[in-house]
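Report on one structure; see the data block that follows.
The values are calculated or read from the model by the stated rules, or taken from the named source; none is laboratory data. Quick caveat, the model's predicted, so the values are computed rather than measured. Note that each Cβ is placed from the backbone with ideal geometry, even for glycine, and that neighbours are counted across all protein chains shown.
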């Protein structure tokens, strides 16, 4: 393993950092948030022009052929800048799910537009009461002479108000209970029967809740066998992106807070001279480095683990890093005092992103519960033929 | 409510405190622990002579007619002194269980000896894998022409190596599964078929594991209906005693640690001048006062709640206070540095007691799990006729 | 020690409950409870209480109050929160009130008490300044005597609800004496006085609670000085010292717990209510336990009211540490319980256009409250300041 | 960045595993792992490694070591812990070794390396003194030059395993210079030298690890001075700086995790294995997650070895904060899992009479380890000292 960025990776990082520096200072960002449109179209076109939307998508579909590392590099800088455009939802989550699910010809049909920014798609997989877990699907797809017709309700569709179409997960009625029978369907956002409600999120990003009332799908992506695995793969990439974002957010929180402690005076001294605040910063830094280590665990899983293992690793990394980020960013506010609570100052917004991140893609607690269930299964599989339950 | 001690209560507290000051300084206590005999017989006779063994037992059975408040006052001072004699196990747990279970004539038979110190009894209710929960009973009692014959294994019998007899919980085979069919049986420690293994505990106190191989019981206490409720009542009193002990232990930890910080110099200054240590002490003090508040909640439940509610309140108080005590006492060690880790110095022993207390009478986590189950039941009972599971 | 419940308090609780059940109009009941209600609601509620003779529930009888004990006040606050009444103007009742009662002249009281209890005069508190947060005594807003007036120049910050207050009580520097605490005085000012400008500060919960208040040659009648010139610091200590048992904001914690209990059955996960999942049940039951402990700590703090001892001095600060920690964790857990909807920003019904988002009824306000609670460890003396107070009071460090 | 696993490290791990499988005798395998094994076991293990050419696994080739990278060293340590080998004399290998390799003369190395790698010379470290804990540089043990000798007088404390060590490396004050750091020198002394007295200190885990060591006119040959007179402080900084990746004690954490996983199926509660209870499964899975993060943090710290940068300087301290916290929580959870048996003191098999208590096999040593781990936030620089180092290195505070 090699933890330093290669020179190419540094170039990518620097170019994203430059974009953030030029387009995402506190004032510019606040203006974007206040405009309440889920970011700027110009920024999105900038992302596309720089190749970031397809950074980790294959070259054969007009992507740039990078790996999860490129996603992490971009996301980390976006986390530092608190980017509000739906890179996570549309580029990473939808792009990678689509790639994992679709046939090559479907990829050729949908990915180039996604990558060049000419067409936005969002993934509609979560449902009221599924808490972001992809296996829980009540939306269903019926066969009709014209194709599949979808019924159901999806929520927290990231980037949802701004897209041309949705990738929707739905169960086929012929397999009502089996967890494997989930298909992914492409529907247009202007399809009859589809209504979308805009959900503004705390961090200035936007999602949608969509109701599908007999909506005719354009097509099913790939086959029924691979719907759920493809969702998990897309979620793995998205969770990685979120983890990297939060590491970036924590970095910035630490920088901003350290600066504040150096500049702020109380009782005639820099408040950085107070030992209890120094120690708090040290703890925050240590937690951040532990979270960064977890991000590396997550990255490594893309190179060394099978898809199922990777999904589990990413799930636990996501819960873990979100927990750390909530704490570190909350302490960032605390060390600022009153100013940290204001909308005009940046530090509070990192906390908001951490709170939203904890909810996205499966709340921390619910993901942890799923990881624990999986651990129980692992133990019960392993113990089938071992001595068990020995009396003392 | 009135949180200050009355003048009579102060007298009791002062007399216990005086006993501790005279008989339980660090050296004396260490000698008792090293002797490895579960405390001194002379101390026990002192407890009896002062009326402490029967402080909360009725006057009609030679007790002193006090309430849970007297138990708490004695226990808190015992916690400050880290008393190793089995007051908790023999006087409180066994005494109160016996009182709750037995008929008046049985009380007359057994309580006076327990109160005057002439006869020690211990409660054998926990079993391997019951983790201190009284409902889990595999020990069983068979009818025989001579009375009940017991089979099973009991563990963590507090004061167990030092007693004349045991109160043993066992299931009647006619009710093998019902949770209500638990009887309490008195057996002599020298009864044929009974073997006891001494279990030394970390804090210098002693328990026993006993194996009952067709042991003839002297008698059943009370009737089968009241075995489990009586156990719970005895446990409620014992958990209260433990809570009060830990509040005393935390008080002493804070006093000892504050003294140390004032006297210890590093970098040419009192370490009490370091802000991070000051703030740690403040947090420890705040947690201790919250724990003391919980002790008062526990005490109040003896006056204002029915037995079932009281048992639940005591369960959660016990988990809560043990958790706080482990943390506060561990920080007491930390603030001392190396000296805190030594057997010769007192502060580490408070931590040991907190660790043992967390295990006694049902480990913190297991008690919390039981409390959560009870909450689930409360909610499910309450919701029978309410609108539930509304869709968004 | 005596843990029997005082029957007088039981019957007092019944009295309050009866009053609320019978007298509280529907439009003032079951309101969502946060740090402060809308002004019009608070005004209506204040008038209703005053009409009932309960207009000053925290003041002594000889100052026109109910004369209730601290224990009774807590019961009153709990029951009001449970009934979902509006909040009162606590700047008037709990902060300024005791100061007026103790330090003001009869004339001053006569001027302010009537309109305040009639719901016509709302107050805000001008203490913090940009350069003086934890170091309050370093404040720099000057008040220069000019005949019968003080001319005030300077700036206050974090002034909650200044934008809807009629009057402000503020600390000003009236002399540059040796010790910075000695040059401070306590003034009352009409917010309509020329030269006072209020600039809103939006906070991260998306709402407008806070403000900056600028004073530009503001002429305040010298008759509005409370106590003597230079007495401001000791008045402030008196004012802050009244608030020990309130630092945990127990009624709010109780609101959180009820909300949590409600969501535990209303919110589903994978076909079952949250409470049916052992992990959620465990956390909920831990919160119930902690609430019992904190409630009792509030009682203990109330019982120490007015005593002079290290523990009496430190108890309010200790309660604040534990209470605010619980506020933050409970409000965060509520957001977690909402699942996906925890990420959604539900605009406050009073601010911005009316919307109807999914799960509005269960979820609205939960996240705002969580964000707002981050301030609880900052306002009223940061928790770091509280730790210093505790270490000094208890251990002389 | 590159997260592909290095195939050379994979094959190195296999080599170590093969060696352990084939060469480790049964009486040195599957031993309970704690902070230090019995001397006789460690000696046997040292001899076995030396015979295999691995006698100095952490040293460079030109000093008779294996020349392994930090990554290889970690793998070696992990596999040894997994196989339950004895521990090595880490005072010799990880603390003194680098000092000998870097500062000692050839003669000094010739004298000490051979016996040490033959398992015949055990070392202890004489740094702390009763008056100098966190403030190490304030040490007062004096060494006065007298011809070819230093005459040492003073007292050391917290000297681990002094009671079974043959030699001690210690810091002494050789001059009262202006700056206290400059008067310190680094000496080696034979523990059999007249005037050295060792007094045991029992620790709260019920075992004898620690000692006081008294020096009463102890004549130490001047040839045993390492480096120059007055160079002791910089040697010490060099010594402590070598240890960054070890501060988490990762192999021990892995032992804890395996023990926990074993108890999760072996221990029952109410008729089911602990792991079948969701609450226990949740905690176990959180520990598994944290272990992954800490393991990676160890790798990152290893990769920073030898670099000069704020993060390289602070990383070992940050790892210590997180690693020791995890040690304490994991060892405590293990005790919790034991239920009633968590309260039982199982005497160490090597100390005191052999006993056989219920659940001995599963439970013995667990609680001792938990008590001992309370020291992990104290030794090697308290965690408070580490926080100061971090704040200074990263932020210049």
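Exactly one of these conditions fails for residue A:269: (1) touching a helix residue (DSSP H, G or I) at 6+ places or on another chain (Cβ under 9 Å); (2) within 13 Å of another protein chain (Cβ to nearest Cβ). Give me its number.
It fails just one condition, (1).
Among the numbered conditions (1) part of a helix (DSSP H, G or I); (2) at pLDDT below 95; (3) over 25 Å from the mean Cα position of the chain (by Cα); (4) at the interface with chain C (Cβ under 9 Å from one of its Cβ atoms), tell me where residue A:365 comes up short.
All conditions are met except number (3).
Consider the stretch D:261-286. How many of its residues are assigned to a helix (DSSP H, G or I), surrounded by fewer than 18 Cβ atoms within 10 Å (Cβ to Cβ) and more than 8 Å from chain A (Cβ to nearest Cβ)?
Residues flagged as assigned to a helix (DSSP H, G or I), surrounded by fewer than 18 Cβ atoms within 10 Å (Cβ to Cβ) and more than 8 Å from chain A (Cβ to nearest Cβ) within the stretch D:261-286 amount to 1.
Only one of these is out of contact with any strand residue (DSSP E or B) (no Cβ under 7 Å at 6 or more places or on another chain), touching a residue at least 40 places away in the same chain (Cβ under 8 Å), away from every other protein chain (no Cβ under 14 Å) and more than 19 Å from residue A:207 (Cα to Cα): A:46, A:79, A:39, A:63. Name it.
A:63
Determine, yes or no, whether residue D:306 is more than 10 Å from chain A (Cβ to nearest Cβ), surrounded by fewer than 19 Cβ atoms within 10 Å (Cβ to Cβ) and either touching a residue at least 60 places away in the same chain (Cβ under 8 Å) or out of contact with any helix residue (DSSP H, G or I) (no Cβ under 7 Å at 6 or more places or on another chain) (or both).
In short, yes.
Specify the residue that is nearest to residue D:43 (Cα to Cα); the eligible residues are those in the stretch D:114-138 that are part of a loop (DSSP other than H, G, I, E, B), touching a strand residue (DSSP E or B) at 6+ places or on another chain (Cβ under 7 Å) and within 14 Å of chain B (Cβ to nearest Cβ).
Checking each candidate, the answer is D:127.
On the given criteria, is residue A:219 more than 14 Å from chain D (Cβ to nearest Cβ), touching a strand residue (DSSP E or B) at 6+ places or on another chain (Cβ under 9 Å) and surrounded by fewer than 21 Cβ atoms within 10 Å (Cβ to Cβ)?
yes
Taking residue D:46 and the conditions (1) in contact with a helix residue (DSSP H, G or I) (Cβ under 8 Å, 6 or more places away or on another chain); (2) crowded, with 19+ Cβ neighbours inside 10 Å; (3) free of Cβ contacts under 8 Å to residues at least 60 places away in the same chain, which numbered condition does it fall short on, given that it satisfies the others?
(3)
Determine, yes or no, whether residue C:296 is in contact (Cβ under 8 Å) with a residue 12 or more places away in the chain, outside any loop (DSSP other than H, G, I, E, B) and surrounded by 19 or more Cβ atoms within 10 Å (Cβ to Cβ).
It is false that residue C:296 is in contact (Cβ under 8 Å) with a residue 12 or more places away in the chain, outside any loop (DSSP other than H, G, I, E, B) and surrounded by 19 or more Cβ atoms within 10 Å (Cβ to Cβ).
Can you tell me which residue is nearest to residue A:333 (Cα to Cα) among those in the stretch C:187-205 that are outside any strand (DSSP E or B) and over 19 Å from the mean Cα position of the chain (by Cα)?
Selected residue: C:191.
In the stretch A:368-379, which residue that is free of Cβ contacts under 8 Å to residues at least 40 places away in the same chain and facing chain C (nearest Cβ under 9 Å) is farthest from residue C:272 (Cα to Cα)?
The qualifying residue farthest from residue C:272 (Cα to Cα) is A:372.
With a cut-off of at least 2 residues that are within 18 Å of the chain's Cα centre (by Cα), name the strands (runs of 3 or more DSSP E) lying wholly within the stretch B:187-275.
Here the list reads B:194-200, B:206-216.
Of the conditions (1) under 29 Å from residue D:383 (Cβ atoms); (2) surrounded by fewer than 24 Cβ atoms within 10 Å (Cβ to Cβ), residue A:304 fails just one. Which one is it?
Just one mismatch for residue A:304, condition (1).
From the list B:158, B:114, which one is away from chain D (no Cβ under 14 Å), touching a residue at least 24 places away in the same chain (Cβ under 8 Å) and buried (at least 17 other Cβ atoms within 10 Å of the Cβ)?
When all the criteria are applied, what remains is B:114.
Could we say that residue B:315 is modelled with pLDDT of 95 or more, crowded, with 24+ Cβ neighbours inside 10 Å and within 25 Å of residue B:102 (Cα to Cα) here?
In short, yes.
Checking the conditions here, which among A:300, A:307, A:285 is within 23 Å of residue D:377 (Cα to Cα), out of contact with any strand residue (DSSP E or B) (no Cβ under 9 Å at 6 or more places or on another chain) and touching a residue at least 12 places away in the same chain (Cβ under 8 Å)?
A:285
Do you know which residues across the stretch D:309-348 are within 11 Å of chain A (Cβ to nearest Cβ), free of Cβ contacts under 8 Å to residues at least 24 places away in the same chain and surrounded by fewer than 19 Cβ atoms within 10 Å (Cβ to Cβ)?
none
Working only within the stretch D:206-256, note down all residues that are crowded, with 21+ Cβ neighbours inside 10 Å and part of a strand (DSSP E or B).
Once the filter is applied, which keeps residues that are crowded, with 21+ Cβ neighbours inside 10 Å and part of a strand (DSSP E or B), the stretch D:206-256 yields D:209, D:210, D:211, D:213, D:215, D:218, D:220, D:225.
Which of the residues belonging to the stretch A:1-27 are within 14 Å of chain D (Cβ to nearest Cβ), free of Cβ contacts under 8 Å to residues at least 40 places away in the same chain and assigned to a loop (DSSP other than H, G, I, E, B)?
Within the stretch A:1-27, A:4, A:6 qualify.
Could you look through the stretch A:322-358, keep only residues that are more than 22 Å from residue A:200 (Cα to Cα) and within 17 Å of the chain's Cα centre (by Cα), and pick out the one that is surrounded by the fewest Cβ atoms within 10 Å (Cβ to Cβ)?
A:323
Does at least one position in the stretch A:335-351 carry a residue that is part of a helix (DSSP H, G or I), within 24 Å of residue C:333 (Cβ to Cβ), in contact (Cβ under 8 Å) with a residue 24 or more places away in the chain and more than 10 Å from every other protein chain (Cβ to nearest Cβ)?
yes
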